[in-house]
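The values are calculated or read from the model by the stated rules, or taken from the named source; none is laboratory data. What you see is a predicted model; the values in this text were computed from it and never measured. Cβ coordinates were reconstructed from backbone atoms using ideal geometry, including for glycine residues, and neighbour counts include every protein chain displayed. All accessible areas refer to the heavy atoms of the entire protein, side chains included, with ligands and DNA or RNA removed. Shrake-Rupley method; radii C 1.70, N 1.55, O 1.52, S 1.80 Å.
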Amino acid sequence: MRIDSEQLPHHLSRGLKPLYVLFGEELLLALEAADRIRAAALNQGYDERRVLFVESGFDWGEVAMVGNSLSLFAPRRVLDLRIPSGKPGKDGSEALQRLAGSLPADTIVLITLPGLDRQQLASKWFDALEHAGVAVHAAAVKREQLAQWLSGRLAQQDQRADTETLEFLVGRVEGNLMAAYQEVQKLALLFPAGMLHFEQVKNAVLDVARYNVFEIGATLLKGERAHFVRMLDGLRGEGTALPLVLWAIAEEARAMAKVKAAMGAGRPLAQALREARVWGPRQDLMPSALNRLTSAELIGSLRRAAEVDRMIKGLADGDVWDALLQLGLSLMAPVQGSVAPGIRGKIPGTIRG
């Protein structure tokens, strides 16, 4: 059985299961989920807790030994097994499968893992654990989900905010959920229950957003110009390598050009997307992005990308970050008037806050 970490409170209200496997990319949600499981266990009389850290040289026989041993002080206990690497190895894989097949009596087993890739999720050991208990996924909160997440957290402390204020918060905290949680808690300390006003939030919340260069592609395909400008400014402030930023932008231009060319040659969209290796959420975003640009415009963008590459290598003059901005904007929906040089320092000023 697999559930999302946000579903865990409802699940625990119906009773505890003997095995929980906690995994995911979002540290805050993983910590909260583990705390909830341990608190629920304590409330039901699981008074003793044994913590095992799986590190290099770990003796997997210790898991079975702890499971089979009897406590003189507490009839119920929690076995808290932490595998930071997410890779138990051959011995660990076999030990986890044995554990799943024969769970110890009067014991809640809590196994904590990091984010797992597709191969790990399909492994025999994870499959055995998932079928024997409950796998709780602490999934990363995507930007489009963040406003709803913030609204829910504010509601937990009897506060509310309108759409404009929530979007402002998203811009200040995206990519940094732990800091977002801290900022929401700060609002509870500063202001009473009820509706929060925009000016209150604007003056109280720090700009703690962090940006992932690998999310540039989705932003370009969505045509989110203002978000792209904030993202590029953030990546510049964080010292992100210029070749990596150029790759993220140019990769999307190349994919769009390939799909456009394939469709021009008579191939259906689905086939063109497969041939251009456009999978997952990008499949849904690509069609509308293609409607914004002609093949000639995409080829022009690729030529500009090559010129930016020359700038990065010191073979051509120019402001590389501004050139990257102009390149990204050229791949999004056109706006009235041309984009003037130096726009990188001007667009953020048009964004509220």
(request) Averaging sequence separations of C-alpha pairs under 8 Å and six or more residues apart, then dividing by the length of the range 55-143, give the relative contact order as a whole percent. (result) 33
(request) Report, by chain and number, residues whose modeled amide H sits under 5 Å from the one on LEU52, excluding near sequence neighbours (fewer than 5 apart, same chain). (result) ASP80, LEU81, ARG82
(message) Please list 3J(HN,Hα) in residue order for the range 153-160, calculated via the Karplus relation 6.51 cos²θ - 1.76 cosθ + 1.60 where θ = phi - 60°; whole Hz, with x for glycine and proline.
(response) 5, 5, 4, 5, 10, 6, 10, 9
(message) Using a probe radius of 1.4 Å on heavy atoms only, what accessible surface per residue do you get for the chain? Whole Å² is fine.
(response) 52
(message) Could you tell me the relative contact order of the chain? Use alpha-carbon pairs under 8 Å, at least six residues apart, and round to a whole percent.
(response) 15
(request) List nothing, just return the count: lysine pairs in the chain, 8 or more apart or interchain, with Cα separation under 21 Å. (result) 8
(request) Kindly write out, for the range 16-26 in residue order, the coupling ³J(HN,Hα) from the Karplus curve 6.51 cos²θ - 1.76 cosθ + 1.60 (θ = phi - 60°), rounded to whole Hz, with x marking Gly and Pro. (result) 8, 9, x, 9, 10, 10, 9, 9, x, 8, 9
(request) Counting only chymotrypsin sites (Phe, Trp or Tyr not before Pro) that are in a DSSP loop and have at most 11 other C-beta atoms within 10 Å, tell me the longest site-free stretch of the chain. (result) 74-278
(request) Grab the Cα-Cα distance for LYS124 and GLU275, subtract it from 0.36 nm times how many residues apart they are, and report the gain in nm with one decimal. (result) 51.1 nm
(request) Read phi for every residue in the range 301-308 and hand back ³J(HN,Hα) as whole Hz from Karplus 6.51 cos²θ - 1.76 cosθ + 1.60, θ = phi - 60°, with x for Gly and Pro. (result) 5, 5, 5, 5, 4, 5, 5, 5
(request) Please report, in whole Å, how far the alpha carbons of the chain spread along each principal axis, starting with the longest. (result) 77, 53, 39
(message) What does the extension gain come out to for HIS197 and LEU27, with contour length at 0.36 nm per residue minus their alpha carbon separation?
(response) 58.2 nm
(request) Can you pull the one-decimal nm distance between simple spin-label points at HIS131 and ASN43, each 7 Å off the Cα toward Cβ? (result) 3.2
(message) Could you tell me what a quarter of the Cα convex hull surface of the range 217-300 works out to, in nm² with one decimal place?
(response) 5.7
